[in-house]
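One structure is given here, and the rest of the page talks about it.
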Amino acid sequence: RIAVLRKFGKHVSMYASGAKGFSPPTSAEVLPSTGIISTELNAEEGWNYELGTRLYLFKQKLFIDVNGFLFNLKNTIVQRRDLGGADFFVNAG
């Protein structure tokens, strides 16, 4: 993660950040109800970008935060069901 913050006087600040993360498959996803160990699952990966501002009012007794973010996720692990009704997991985009 990397982040920067810039103050514009005593009452306004802006920040930006970017972070990358991942989430490996859980044991329930690797060994689903089919009983077959899945060796093809990849970790979910994502990037998060944020941009925001903070405004202080009434002698810094009240502040307002406004922010926006963009989150890109790849290799999302989703649940599927086979014809026999057993659940299994795959990476979806």
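The values are calculated or read from the model by the stated rules, or taken from the named source; none is laboratory data. The structure presented is a predicted model; accordingly, all values stated were derived computationally and were not measured. Note that we place each Cβ from the backbone using ideal geometry, even for glycine, and neighbour counts take in every protein chain shown. Areas reflect the complete protein model, heavy atoms only, side chains present, ligands, DNA and RNA absent. Shrake-Rupley method; radii C 1.70, N 1.55, O 1.52, S 1.80 Å.
Given the conditions (1) in a strand (DSSP E or B); (2) without any contact (Cβ under 8 Å) to a residue 12 or more places away in the chain; (3) not polar (S, T, N, Q), and given that Ile77 satisfies all but one, which numbered condition is not satisfied? Looking at each condition in turn, Ile77 falls short on (2).
Total residues in the stretch 1-30 satisfying the condition of being among the hydrophobic types (A, V, I, L, M, F, W, C), surrounded by 11 or more Cβ atoms within 10 Å (Cβ to Cβ) and over 17 Å from Thr76 (Cα atoms): the figure is 5.
When you look at Leu83, is it hydrophobic (A, V, I, L, M, F, W, C) and without any contact (Cβ under 8 Å) to a residue 12 or more places away in the chain, yes or no? So Leu83 passes the test.
Just for the stretch 31-48: of the residues that are in a strand (DSSP E or B) and open to solvent by less than 100 Å² (accessible area, probe 1.4 Å), which one is farthest from Arg1 (Cα to Cα)? That would be Glu44. Would it be correct to say that Val90 is open to solvent by 60 Å² or more (accessible area, probe 1.4 Å) and among the β-branched types (Val, Ile, Thr)? So Val90 fails the test. Out of curiosity, is Phe22 in contact with a helix residue (DSSP H, G or I) (Cβ under 7 Å, 6 or more places away or on another chain) and assigned to a strand (DSSP E or B)? Spelling it out, it is not the case that Phe22 is in contact with a helix residue (DSSP H, G or I) (Cβ under 7 Å, 6 or more places away or on another chain) and assigned to a strand (DSSP E or B).
The set of residues in the stretch 72-88 that are under 29 Å from Gly18 (Cβ atoms) and either in contact with a Lys or Arg (Cβ under 7 Å, 6 or more places away or on another chain) or of a type in the set (Lys, Arg) (or both) contains only Lys74.
Condition test on Ser38, is it in contact with a Pro (Cβ under 8 Å, 6 or more places away or on another chain) and either of a type in the set (Lys, Arg) or within 14 Å of Asp87 (Cα to Cα) (or both)? Yes, satisfied. If the condition is being open to solvent by less than 70 Å² (accessible area, probe 1.4 Å) and closer than 18 Å to Ser38 by Cβ, then the stretch 51-87 contributes Asn75, Thr76, Ile77, Val78, Asp82, Gly85, Ala86, Asp87.
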